[in-house]
Amino acid sequence: MSYVRAMCAIGRRGQLGLAGVLPWEGAKGPEYIADVQRFWDMTRGHVILMGPRTKRSVPQFAYADRTIVEIRSSLAPEDAIAGYPDRVIFVGGGPSVFAAYARFVQHWDITRLPYDGEADRWFDPQWLTAGT
């Protein structure tokens with residue numbers, strides 16, 4: 001049986017995205033750099049399911065030591081998860097991915113960053129209680 005986790009960073013008010021990227025994209029503060037490093041450290045050796053836009057942002061080095069899988073809304077979450085039995089699966093992406101996969105997530109790993117600016121995508125706290 002797979003173990004499904006979700007990992008994301010949010011701003012002070014739950015900001016999750018802006019124009020298809022992280023709202024703090026390119027921020028040089030130590031907390032932002034540490035968050036990115038932690039993501040790559042935590043997902044090493046595991047599977048990451050992510051939407052197409054998120055997958056396009058993955059740096060080439062990341063493919064060497066994790067399985068990165070592009071998911072589409074036409075693929076049922078249970079089918080995507082079933083493709084990786086006995087693996088730790090991380091779910092990554094924006095609200096549509098988290099909404100579709102929330103009921104399968106057994107562990108949420110959320111980092112709150114000091115960002116307090118603009119956003120057009122937000123974290124929905126209801127995702128935390130959707131799991132089985």
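The values are calculated or read from the model by the stated rules, or taken from the named source; none is laboratory data. Note that the coordinates shown come from a computational prediction; the quantities given were computed from them, not determined experimentally. Cβ atoms come from the backbone with ideal geometry, glycine included; neighbour counts cover every protein chain shown.
Descriptive notes on the structure:
- In segment 1-19, the residues that are closer than 17 Å to G94 by Cβ, outside any strand (DSSP E or B) and either free of Cβ contacts under 8 Å to residues at least 60 places away in the same chain or of a type in the set (A, V, I, L, M) (or both): A19
- Members of segment 51-74 that are surrounded by 15 or more Cβ atoms within 10 Å (Cβ to Cβ), part of a loop (DSSP other than H, G, I, E, B) and at pLDDT below 95: G51, V58
- Residue ID - surrounded by the fewest Cβ atoms within 10 Å (Cβ to Cβ), chosen from residues in segment 1-49 that are of a type in the set (F, W, Y) and within 19 Å of A119 (Cα to Cα): Y32
- Residue within segment 113-122 that is within 9 Å of A6 (Cβ to Cβ) and either in contact with a helix residue (DSSP H, G or I) (Cβ under 8 Å, 6 or more places away or on another chain) or of a type outside the set (S, T, Y) (or both) present: no
- Pair list, Cβ under 8 Å, 6 or more apart: segment 54-77 residue within 16 Å of M42 (Cβ to Cβ), other residue basic (K, R): D65/R44; R66/R44; T67/R87; I68/K55
- Residue list for segment 87-96, restricted to those being surrounded by fewer than 22 Cβ atoms within 10 Å (Cβ to Cβ) and either in contact with a Lys or Arg (Cβ under 6 Å, 6 or more places away or on another chain) or modelled with pLDDT of 95 or more (or both): R87, V88, G94, P95
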